[in-house]
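Visitor: Right, I'll just put the structure down here and ask away after.
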Amino acid sequence: MSVNKMFAKYVSQNIMGMIGISLYILADTFFISKAQGADGITALNLVLPLYSLIFAIGSMIGVGSATRFKILRAKTDVQADTYFTNALFWACICSLPFMLAGGIRADGIMALLGADERIIEVGTIYTRIFMLFAPFFMCNYVFNAFVRNDGAPSLAMAATLCSSLFNIVMDYVLMFPLKLGMAGAALATAVSPVVGILICSMHFGAKDNTIRFCLALPSIRKLALSCQLGVAAFVGEISSGVTTAVFNMLILGLAGNVGVAAYGVVANTALVAVSVFNGISQGCQPILSEFYGKGDKKATTRVLRLGIILALIMAAAIILGIMAGAEGIVAIFNGEQDAQLASYAVPGIKLYFIGFLFAGINIVGTGFLSATEKAGWAFAASILRGFIAISVCAVVMSMCFGMVGVWLAFPVAELLTALVTGRGLYCSLKDAKGV
């Protein structure tokens with residue numbers, strides 16, 4: 001299969017799969033807005049950083065281990081067989097603190113995230129339920145990444161889409177006919193990764209399956225080696241959570257609960273855009289790792305170019321769509337027709353989404369650096385994007401320009417990160433002689 005065909009196959013199916021993941025959060029937002037109004041959206045948005053942290057850890061372990069598996073498999077190294085079981089073990093271990101915290105002090109966690117008494121009352125049951133299911137969220141990432149990297153991207157995509165469809169349908173059934181409210185939304189979301197895991201498990205009966213369950217002691221060293229390559233996936237997930245947490249705190253001071261609800265509309269819509277670029281990055285990853293493992297520098301560079309070009313095209317299309325349809329998008333989630341919420345969210349979503357012109361380059365670029373074992377550059381760009389730049393820009397610009405500064409912090413932070421990512425890509429390609 002040619003490089004172009006491989007790129008089209010893996011990337012298209014991964015974009016669909018990642019959009020599927022983001023859609024069930026959008027479904028939560030939509031149904032909660034109908035059942036609980038602005039208070040429900042505020043509660044959901046305050047706990048989104050927890051979602052992002054759980055997803056990010058699962059993604060780092062899953063994608064990083066699957067990347068290491070793919071590189072070693074291309075080199076016919078027998079150590080590749082040990083990475084799947086090792087990833088599952090550490091995913092379960094890392095999920096334990098979330099289970100304990102959610103089961104014991106879900107209300108305290110919400111208060112720590114900025115919720116007042118009214119929002120705590122609405123959102124505590126939701127927080128408790130989804131945190132108790134953290135092992136399934138993390139293990140779902142492991143199963144999906146390994147199945148995709150083992151030559152079954154179609155099955156991985158089907159697993160993601162089916163779990164998302166299950167979540168959307170059960171959201172409606174549990175929240176409205178059964179009248180379970182926020183608890184129903186949480187249960188639908190919590191059980192959906194179980195569906196994904198079951199579908200991915202079908203791959204283990206396939207003739208071309210090369211993933212092995214190995215009875216071996218868990219290895220911290222292999223976890224560390226995997227996480228080095230999974231850092232871009234980690235930041236791709238956590239950046240939304242860090243941005244949401246920082247923005248929530250700032251917006252609470254500037255515009256109160258209504259402002260946070262408005263940001264909830266923007267942030268949840270942005271998750272769909274992020275999923276597109278994560279789909280491009282994760283779709284490129286198994287191809288890059290295979291060509292890199294075989295020493296094919298020309299094909300590796302070709303995949304990077306295709307990824308960057310597609311990211312720019314998708315960014316332009318997303319931004320144009322947002323500029324044209326901002327009012328309609330906000331209205332979908334503004335079930336109470338709150339004029340103040342709309343006054344914040346409509347201009348906010350237009351300014352915020354400008355940042356995806358640079359975010360696409362950053363997500364695809366750091367994915368390339370991780371997949372080709374340039375962990376230093378990937379780590380530097382990822383930390384800048386996910387933590388430092390967005391936090392500093394949000395604080396400084398909100399102090400200078402109020403809510404407008406909050407919305408513009410994301411584009412400025414992504415632009416600054418793109419300079420570092422671009423430098424890392426330049427150095428990486430320069431080091432590859434003959435490219």
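Visitor: Return the residue satisfying two criteria in turn: it lies in the range 340-375 and is farther than 20 Å from GLY386 by Cα and of a type in the set (Val, Ile, Thr), and of such residues it is nearest to the chain's Cα centre (by Cα).
Guide: Per the criteria, the residue is THR372.
Visitor: Also, quick follow-up: Residues SER33, SER2: which one is open to solvent by 10 Å² or more (accessible area, probe 1.4 Å) and hydroxyl-bearing (Ser, Thr, Tyr)?
Guide: Just a single option satisfies the conditions, and that option is SER2.
Visitor: It is to be established whether one or more residues within the range 261-274 are surrounded by fewer than 17 Cβ atoms within 10 Å (Cβ to Cβ), in contact (Cβ under 8 Å) with a residue 40 or more places away in the chain, assigned to a helix (DSSP H, G or I) and under 23 Å from the mean Cα position of the chain (by Cα).
Guide: yes
Here's the yes/no breakdown for (1) of a type in the set (S, T, N, Q); (2) touching a Gly at 6+ places or on another chain (Cβ under 8 Å):
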site: THR67; (1), (2): yes, yes
site: THR76; (1), (2): yes, no
site: ALA80; (1), (2): no, no
site: GLY114; (1), (2): no, no
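Visitor: Based on this model, can you work out whether PHE143 counts as over 30 Å from ILE287 (Cβ atoms) and open to solvent by less than 40 Å² (accessible area, probe 1.4 Å)?
Guide: no
Visitor: Taking GLY335 and the conditions (1) assigned to a helix (DSSP H, G or I); (2) more than 24 Å from ALA66 (Cβ to Cβ), which numbered condition does it fall short on, given that it satisfies the others?
Guide: Among (1) assigned to a helix (DSSP H, G or I); (2) more than 24 Å from ALA66 (Cβ to Cβ), the lone unmet condition for GLY335 is (1).
Visitor: A further question on this structure: Kindly evaluate ALA413 against the criterion of being within 21 Å of THR67 (Cβ to Cβ) and either surrounded by fewer than 24 Cβ atoms within 10 Å (Cβ to Cβ) or under 24 Å from the mean Cα position of the chain (by Cα) (or both).
Guide: Answer is no for this residue.
Visitor: State all residues of the range 380-389 that are within 12 Å of PHE358 (Cβ to Cβ) and open to solvent by less than 10 Å² (accessible area, probe 1.4 Å); if no residue qualifies, say none.
Guide: ALA381, ALA389 - these are the residues of the range 380-389 that are within 12 Å of PHE358 (Cβ to Cβ) and open to solvent by less than 10 Å² (accessible area, probe 1.4 Å).
Visitor: In this structure, is THR210 part of a loop (DSSP other than H, G, I, E, B) and hydroxyl-bearing (Ser, Thr, Tyr)?
Guide: Yes.
Visitor: Does any residue in the range 5-30 that is farther than 15 Å from ALA188 by Cα come within less than 7 Å, Cβ to Cβ, of a residue that is in a helix (DSSP H, G or I) and of a type in the set (Ser, Thr, Tyr) six or more places away or on a different chain, and which pairs are these?
Guide: Correct list of pairs: GLN13/SER154; GLY17/THR160; MET18/SER275; ILE19/SER275.
Visitor: What single numbered condition from (1) of a type in the set (Asp, Glu); (2) surrounded by 19 or more Cβ atoms within 10 Å (Cβ to Cβ); (3) farther than 29 Å from ALA270 by Cα fails to hold for ASP28?
Guide: (3)
Visitor: Mind listing whichever residues of the range 292-325 are basic (Lys, Arg) and crowded, with 18+ Cβ neighbours inside 10 Å?
Guide: ARG302
Visitor: Of everything in the range 328-345, what is within 17 Å of LEU26 (Cα to Cα) and either buried (at least 20 other Cβ atoms within 10 Å of the Cβ) or free of Cβ contacts under 8 Å to residues at least 60 places away in the same chain (or both)? Give them in sequence order.
Guide: Once the filter is applied, which keeps residues that are within 17 Å of LEU26 (Cα to Cα) and either buried (at least 20 other Cβ atoms within 10 Å of the Cβ) or free of Cβ contacts under 8 Å to residues at least 60 places away in the same chain (or both), the range 328-345 yields GLY328, VAL330, ALA331, PHE333, ASN334, ALA345.
Visitor: Could you tell me which residue of the range 213-237 is least open to solvent (accessible area, probe 1.4 Å), considering only residues that are under 25 Å from LEU155 (Cα atoms) and not in a helix (DSSP H, G or I)?
Guide: Residue satisfying both the conditions and the ranking: CYS214.
Visitor: What about ILE104, is it in contact with a Pro (Cβ under 9 Å, 6 or more places away or on another chain), assigned to a helix (DSSP H, G or I) and surrounded by fewer than 21 Cβ atoms within 10 Å (Cβ to Cβ)?
Guide: No: the conditions fail for ILE104.
Visitor: Any idea which residue in the range 175-187 is surrounded by the most Cβ atoms within 10 Å (Cβ to Cβ), counting only those that are in a helix (DSSP H, G or I) and touching a residue at least 24 places away in the same chain (Cβ under 8 Å)?
Guide: ALA185
Visitor: Go through the range 64-77 and count every residue that is in contact with a helix residue (DSSP H, G or I) (Cβ under 8 Å, 6 or more places away or on another chain) and either open to solvent by 10 Å² or more (accessible area, probe 1.4 Å) or among the small types (Gly, Ala, Ser) (or both).
Guide: Residues flagged as in contact with a helix residue (DSSP H, G or I) (Cβ under 8 Å, 6 or more places away or on another chain) and either open to solvent by 10 Å² or more (accessible area, probe 1.4 Å) or among the small types (Gly, Ala, Ser) (or both) within the range 64-77 amount to 9.
The values are calculated or read from the model by the stated rules, or taken from the named source; none is laboratory data. Everything numeric here is computed off the predicted structure, so don't read it as measured data. Reconstructed Cβ throughout: ideal geometry from the backbone, glycine too, with neighbour counts over all protein chains shown. All accessible areas refer to the heavy atoms of the entire protein, side chains included, with ligands and DNA or RNA removed. Shrake-Rupley method; radii C 1.70, N 1.55, O 1.52, S 1.80 Å.
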